[in-house]
Each structure stands twice: as C-alpha cells, then as structure tokens.
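This report concerns only the one structure given below.
Computed from the coordinates by the stated procedures, all read-outs in this text should not be read as laboratory data. Not measured: the values here are computed from a predicted model. Cβ placement follows ideal geometry from the backbone for every residue including glycine, while neighbour counts extend to all protein chains displayed.
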Amino acid sequence: MIDNLADLKFDKLQPRLSYRAMVKGEITKGEALIFILLCMIVLVVAVAQLPPICLKLLPVAALPFIIYPFTKRFTAWCHLFLGLAIAMAPAGAWVALTEKISLPMIILCIAVALWIGAFDAVYGAQDEKFDKSQKLHSLATKYGAAGALKIAKILHVISIACFIIVGLMLGLGKFYFVGVFIAAVALIYQHSIVRPNDYREVTQAYFMRNGIVSIAIFIFTWLSCD
C-alpha cells in the first residue's frame, strides 16, 4: 500500500497499471493512509507479544518497507530493497523463535532478498521506456532490458547457492535439497520464457510460478525436519 501511494502519480500514467484500485479512484489517498496506520498499529501490538528482542529490532525490520517505495527515485538497484523488505519475514520468524541473530539466518535472508529482487528486476525490465521517460531508476534503465535480465539470472544463481549453504549449515536432510532443486528448476523456466523484447509471458501465471520457490522450499524443509 505504501508503494501504491508513493507511486500513484506514475501509476496513473502507466496503462499497464490502470487496474489498480487507487488509480481507478476506488481507494482514496486518505483511506490508504488510514489503512497503513492501522496496519502499523497491529504490527506493533503483535510484535509486542513476542520476545523483547523482536520489538527492539522492529524499526530495523520495518525500515526497508518504508524506504523501498522511494528507491526508484535514486538507485537502479531498487529491486534489492524490495527483496530486503520481503526477507524481513523469515528474519522475523527466526528471531522470534531463537531470540538471536545468527549466520544461517543472515544467509537465508540474502537468499530471499536476491530471489525477490531478481524477480522484480525481470518484472521491471518491461517498463524500461516508461521509467526513462519519468526519470525513474531500475536495472533496465541503467543496463538495458537485456542487461537487467542477465543480472537477474546471476542474482538467482547466488540465491540458490545461499539456500544450499543454509541447508548445509543447519544439517538439513535430503528432502530440503530436493525442494531447493525444484525452486531452481522453476527459476530456470521463468527465465527461459522471457526475452528483452518479449514480455507476453510476464502475466499473473508468471507471478504464481514464482511462488513455487517458497512453497517448494517450505514443504521440503518441513519434510526434512520430520
């Protein structure tokens, strides 16, 4: 919601985003602000029920969510800020359960941040011309769509490597690595159907397939620990 609110003036100029509720006027800026405030209150109350360290680290975890919507104004690597924001989810769960920050947790967060960041770079590559016209930043505006897709592939390779390292560090069973393999195959397929000049496959189904990464790793991690 913060993202939609911050980018509303740009979204109104982007035909591809005409379906969004705020663009259509179905949700006003005031309503969006109230919703964001309520979510923040619920977040603080919920985190307060967890071990004290979680509340102390809440500002650190919330910061990427607040900063990300504005990063396209000043850095081509804005996609990684989105990845970092999403990576706060496993980090929060880890700290809530263990009450400490550890190396495996950090590597897991890097894996998630790179996975999501690279996916966002692929998604954002189709907006290269629009972003340039609005003086917005992305990997595509800096390196071209082809360059952005190549960087995304490299980031996904590193992400999968990090998932493997986490499994080795924690001594997880073979099922976990089966899940990582499935995730890797899903990412390979996602990259194979996108071209710098052809984004017809970047649809809702494309988004859903990206979710295979988290679902596969979750299920097979659970099986590995059973």
Exercise for review: Find how much the distance from Ser18 to Ile188 grows on full extension, using 0.36 nm per residue of separation minus their present alpha carbon separation; answer in nm with one decimal.
Suggested key: 58.2 nm
Study note, to complete from the structure: Note, segment 200-209: 3J(HN,Hα) by Karplus (6.51, -1.76, 1.60, θ = phi - 60°), whole Hz, Gly/Pro = x, goes 4, 8, 7, 10, 4, 5, 4, 4, 5, 5
Exercise for review: Enumerate the aspartates and glutamates that Lys174 could reach by cross-link, defined here as Cα to Cα under 13 Å, with residues fewer than 8 away along the same chain left out.
Suggested key: Asp226
Practice item. Set the Förster distance to 45 Å, then compute FRET efficiency between Leu55 and Asp198 from the Cβ-Cβ distance, nearest 0.05. Key: 0.40
Review point. How high is the FRET efficiency from Glu26 to Leu223, r the C-beta distance, R0 41 Å, rounded to 0.05?
Key: 0.45
**Study point:** Segments 201-208, 113-120, 84-91 sorted - mean Cβ within 10 Å per residue, highest first
**Key:** 113-120, 84-91, 201-208
Check your understanding: With contacts defined as alpha carbon pairs under 8 Å and 6 or more residues apart, what's the relative contact order of segment 1-49 in percent?
Key -> 30
Exercise for review: Would you mind calculating the relative contact order of the chain from Cα pairs under 8 angstrom and at least 6 residues apart, reporting the percent as a whole number?
Suggested key: 15
Review point. Which entries of Lys9/Lys150; Lys29/Lys150; Lys129/Lys150 show an alpha-carbon separation above 26 angstrom in the structure shown?
Key: Lys9/Lys150; Lys29/Lys150
Exercise for review: Please work out whether segment 1-49 counts as rounded, prolate or oblate from its C-alpha gyration tensor, where a ≥ b ≥ c are the square roots of the eigenvalues and a/c under 1.5 means rounded, while otherwise a/b larger than b/c means prolate and anything else oblate?
Suggested key: prolate
Review point. Is segment 97-160 best put as rounded, prolate or oblate by its Cα gyration tensor, with a ≥ b ≥ c the root eigenvalues, rounded for a/c under 1.5, and otherwise prolate when a/b is larger than b/c, oblate when not?
Key: prolate
